[in-house]
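Encoded as structure tokens, the structure appears first; notes follow it.
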């Protein structure tokens with residue numbers, strides 16, 4: 001099954017940066033338990049702009065909101081109180097296999 005990458009553009013007020021990073025760090029631990037990864041990059045030109053990436057083995061592996069631990073649900077809600085996500089901020093990307101025999 002191809003991997004799935006979710007990318008999101010985010011704005012975080014400078015005063016909330018530490019809380020934002022701590023919240024993502026905690027969410028990253030939950031994701032790691034499912035074999036997923038989370039990365040965050042900060043813009044060099046705009047210190048309040050970030051790119052969040054999460055990778056999973058495929059859409060079927062991404063847990064539904066109800067399947068998440070209550071602590072993880074609260075961390076996600078906290079993240080959305082700290083950071084601003086535009087309605088079109090998230091993009092879902094599916095891996096294109098490049099190995100021999102894969103479809104192009």
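The values are calculated or read from the model by the stated rules, or taken from the named source; none is laboratory data. Quick caveat: nothing in here was measured; it's all calculated off a predicted structure. Neighbour counts are summed over all protein chains in view; Cβ atoms, including those assigned to glycine, are modelled from backbone coordinates with ideal geometry.
For (1) in a strand (DSSP E or B); (2) touching a helix residue (DSSP H, G or I) at 6+ places or on another chain (Cβ under 7 Å); (3) buried (at least 16 other Cβ atoms within 10 Å of the Cβ), each residue gets a yes or a no:
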{"residue": "2", "(1), (2), (3)": "no, no, no"}
{"residue": "25", "(1), (2), (3)": "no, no, no"}
{"residue": "31", "(1), (2), (3)": "no, no, yes"}
{"residue": "41", "(1), (2), (3)": "yes, no, no"}
{"residue": "46", "(1), (2), (3)": "no, no, no"}
{"residue": "50", "(1), (2), (3)": "yes, no, yes"}
{"residue": "55", "(1), (2), (3)": "yes, no, yes"}
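For the range 4-22, name all the residues that are touching a helix residue (DSSP H, G or I) at 6+ places or on another chain (Cβ under 8 Å), under 16 Å from residue 51 (Cβ atoms) and part of a helix (DSSP H, G or I).
The answer is 20, and nothing else.
Write out, first by first residue and then by second, each pair whose Cβ atoms fall under 9 Å of each other, whose residues are 6+ apart or on separate chains, and whose first residue, in the range 33-55, is on the phi > 0 side of the Ramachandran plot and touching a residue at least 12 places away in the same chain (Cβ under 8 Å) while the second is surrounded by 14 or more Cβ atoms within 10 Å (Cβ to Cβ) and assigned to a loop (DSSP other than H, G, I, E, B).
Close Cβ pairs satisfying both conditions: 35/57.
Which condition does residue 68 not pass, out of (1) under 13 Å from the mean Cα position of the chain (by Cα); (2) at pLDDT below 95, if it passes all the others?
Tallying (1) under 13 Å from the mean Cα position of the chain (by Cα); (2) at pLDDT below 95, residue 68 fails exactly one: (1).
Which of the numbered conditions does residue 99 fail, given that it passes all the others? Conditions: (1) at pLDDT below 95; (2) surrounded by 12 or more Cβ atoms within 10 Å (Cβ to Cβ).
(2) is the only condition that residue 99 fails.
What number goes with the only condition from (1) at pLDDT 90 or above; (2) over 18 Å from residue 17 (Cα atoms) that residue 59 does not pass?
Condition (1) is where residue 59 drops out.
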